[in-house]
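Below is one structure, written out as structure tokens; comments come after it.
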Amino acid sequence: MARRVPCARLERDKQLTQVAEFDSVGLRYGTGAEVLRDLDFRLAHGGFYFLTGPSGAGKTSLLKLLYLAQRPTRGRIRLFGEELSDARREVLPNFRRRIGVVFQDFRLIRHLSAFDNIALPLRIAGATDEQVEGPVREMLAWVGLADRASARPPTLSGGEQQRVAIARAVINRPDLLVADEPTGNVDAAMAQRLLHLFSALNRQGTTVVVATHDVGLISATPGAQLIRIENGGIADPTGTLRNPPRSRR
Amino acid sequence: MLDWLFPSPSERRLLGEARLRGPTAWVIAIMSFSIVIIGAAGLALANTAGVLTRAIEARYSIQVPAGGGNVEALLATVRSVPGVNSAAAVPESEMRRTLERWLGPAAQSTELPVPALVDFDVSSGAKLQEVASRVHAVAPEAKIAAHREAVGPLLHSLRLLQWVAFGLVLLLSAAASAAVVLAARGALDTHRFTIEVMHGIGATDVQVTRLFQRKIAIDALVGSIAGAAVAGLVLLALAAGASFAGELTGGATLSGADFLILLLLPLALTALATWVARTAVLAALRKAL
């Protein structure tokens, strides 16, 4: 999982205290009502966050803003110290390469093997076939799919697909890991292993944001902070976000 | 610069093993066939016009309506003028044979007056005025006509046809480009999910475009070479069975440079299709975030 990072960027990132800054952010699709409104929050460098809230509250939309799949319709978003709300699209790929995403529906490419799906971020970043071999084999073994390297997603179970999706998201050791219900299709033991992987990445400096309903997952991560979304807004905009949420203490 | 033509095996797998859907290669083959045939026709017309122009540029006719009593004197006079390279009388029998096509046996009647006709060629420095004054001294009723004036409308038509052929080549190239744009859009729709995933992971537009550009380039190359090969066979068959055409056009044929141009046409079509595909894919990708 070694990755080359330009020295100038390392120096700058060390000085960064915030990975993401949302200021008065709103989002609407087309001409519909706002699905997110007045979002003001910061994600600290190296933080571990759980995003919770009822279904339809806007968790996935918020994550889309975080991994640059959507632009906000109002407000400002800074990622890694750069204002990206209305940045030219040509600059976005470089930022996306610093973000690992675990999609709720996995979004694996059906005609590629598990190996090729996991290797995709490395190849897009310019690694050769020889360079990806070791890290991908290592990652496959870690998620328990060493013997399924050549299997294509349609032949994998839901849990196996989810593990491939997670492996693809973390293979590049991203600066920001965004996961949408990452343990929805895995058993408790695998969920625990995935949480350990996220924690290990977090200890190495990766900021982790996990959208989940899994209370067990939240309670197993004592240092994490909670962001609760309700009706498109942050439910506890004035208080310090902490675990467990203030309302449950 | 051309590294997109040689992707790694993993890059090839990204769009799946199947070739692009649709009849792109067939459409391009038909376009290539038509372009080569029309291009060959255009070049042959240009050569024919050139041969005709060279043949008649310096040629004139002296026509004496009263007949050929003094043809020999006329010939001697014309040949004596400086700058006249050659002069020859058209035999009366030949003119009567020509007239026979319209008049039938009556053309052989001695009662039918046939004018005397003398053709002569001049060099570039020849003085036509002097030729005219000397001719009129021998035969006052004689008329001198430049061949280029008589053949001018035909030459004009040939040049016009040549430009029509050139325009058709351009139109067919545009039609092939439109087919490529449609094929590129179809391919983008087919692989929309893969593109979204690649973009989400940080792929640039250029990285995505490389995948499609190569596939369409291969389709275009296969199609254009196949079409040009069939066109070549058709041209060979036409050339073998049409020696009379050579006589009609004064021996105008396709030169080595013409064949080189015809060989380059399918390659140019491939390059055009590849560029159009790249531009179309990049334009479509720019619509996404």
Quiz item: Restricting the search to the stretch A:151-190, which residues are among the acidic types (Asp, Glu), farther than 11 Å from residue A:104 by Cα and in a loop (DSSP other than H, G, I, E, B)?
Solution: A:175, A:187
Exercise. Go over the candidates B:38, B:28 one by one and state the one that is within 29 Å of residue B:207 (Cα to Cα), in a helix (DSSP H, G or I) and at pLDDT 90 or above.
Key: B:28
Quiz item: Residue check, residue A:87 against (1) open to solvent by 10 Å² or more (accessible area, probe 1.4 Å); (2) more than 25 Å from residue A:195 (Cα to Cα); (3) at the interface with chain B (Cβ under 8 Å from one of its Cβ atoms), all met but one. Which one?
Solution: (3)
Self-check item: Those helices (runs of 4 or more DSSP H) lying entirely in the stretch B:119-205 with at least 1 residues among the basic types (Lys, Arg) and more than 14 Å from chain A (Cβ to nearest Cβ)
Solution: B:128-138, B:147-190
Exercise. Check off (1) away from chain A (no Cβ under 14 Å); (2) in a helix (DSSP H, G or I); (3) open to solvent by 30 Å² or more (accessible area, probe 1.4 Å); (4) modelled with pLDDT under 85 for residue B:69 and give me the number that stays unchecked.
Key: (2)
Practice problem: For residue A:62, indicate whether it is touching a residue at least 12 places away in the same chain (Cβ under 8 Å), within 11 Å of chain B (Cβ to nearest Cβ) and either open to solvent by less than 10 Å² (accessible area, probe 1.4 Å) or part of a strand (DSSP E or B) (or both). | Solution: no
Quiz prompt | Matching residues in the stretch B:158-199 - criterion: being farther than 29 Å from residue B:272 by Cβ and either among the β-branched types (Val, Ile, Thr) or at pLDDT below 90 (or both) | solution = B:197
Quiz item: Of the residues in the stretch B:146-162, how many are open to solvent by 50 Å² or more (accessible area, probe 1.4 Å) and among the aliphatic types (A, V, I, L, M)?
Solution: 4
Practice problem: Consider residue B:117 carefully, then state whether it is hydrophobic (A, V, I, L, M, F, W, C) and over 30 Å from residue B:38 (Cα atoms). | Solution: yes
Practice problem: Taking only the stretch A:109-146 into account, find how many residues are more than 11 Å from chain B (Cβ to nearest Cβ), closer than 26 Å to residue A:189 by Cα and not β-branched (Val, Ile, Thr). | Solution: 12
Practice problem: Return a yes/no flag: does the stretch B:259-282 have any residue that is of a type in the set (A, V, I, L, M), at pLDDT below 80 and part of a helix (DSSP H, G or I). | Solution: no
Self-check item: Those residues of the stretch B:268-289 which are away from chain A (no Cβ under 14 Å) and open to solvent by 30 Å² or more (accessible area, probe 1.4 Å), in sequence order
Solution: B:268, B:271, B:272, B:275, B:278, B:279
Quiz prompt | Qualifying residue in the stretch A:200-212 (condition: modelled with pLDDT under 85 and either assigned to a loop (DSSP other than H, G, I, E, B) or buried (at least 21 other Cβ atoms within 10 Å of the Cβ) (or both)) | solution = no
Quiz item: Which one of these is of a type outside the set (Lys, Arg), under 30 Å from residue A:216 (Cβ atoms), within 14 Å of another protein chain (Cβ to nearest Cβ) and touching a helix residue (DSSP H, G or I) at 6+ places or on another chain (Cβ under 7 Å): A:20, A:69?
Solution: A:69
Quiz prompt | Qualifying position, being touching a residue at least 24 places away in the same chain (Cβ under 8 Å) and open to solvent by less than 70 Å² (accessible area, probe 1.4 Å), among B:137, B:165, B:132 | solution = B:165
Quiz item: Hey, residue A:193 hits all of (1) in a helix (DSSP H, G or I); (2) under 21 Å from residue A:133 (Cβ atoms); (3) charged (D, E, K, R) but one; which does it fall short on?
Solution: (2)
Practice problem: Kindly indicate the residue of the stretch A:10-38 that is of a type in the set (S, T, N, Q) and modelled with pLDDT of 85 or more and also surrounded by the most Cβ atoms within 10 Å (Cβ to Cβ) among those meeting that condition. | Solution: A:18
Quiz item: Given (1) at pLDDT below 85; (2) surrounded by 20 or more Cβ atoms within 10 Å (Cβ to Cβ); (3) touching an Asp or Glu at 6+ places or on another chain (Cβ under 6 Å), where does residue B:10 come up short, assuming only one miss?
Solution: (2)
Quiz item: Does any residue in the stretch A:92-108 that is at the interface with another protein chain (Cβ under 7 Å from one of its Cβ atoms) come within less than 6 Å, Cβ to Cβ, of a residue that is of a type in the set (A, V, I, L, M, F, W, C) and assigned to a helix (DSSP H, G or I) six or more places away or on a different chain, and which pairs are these?
Solution: A:101/A:169; A:107/B:197
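The values are calculated or read from the model by the stated rules, or taken from the named source; none is laboratory data. Just so you know, these numbers come straight off a predicted model, no measurement behind them. Positions of Cβ are generated from backbone atoms using ideal geometry, with glycine treated the same way; all protein chains shown enter the neighbour counts. We work out accessible area using only protein heavy atoms, side chains counted, and drop any ligands, DNA or RNA first. Shrake-Rupley method; radii C 1.70, N 1.55, O 1.52, S 1.80 Å.
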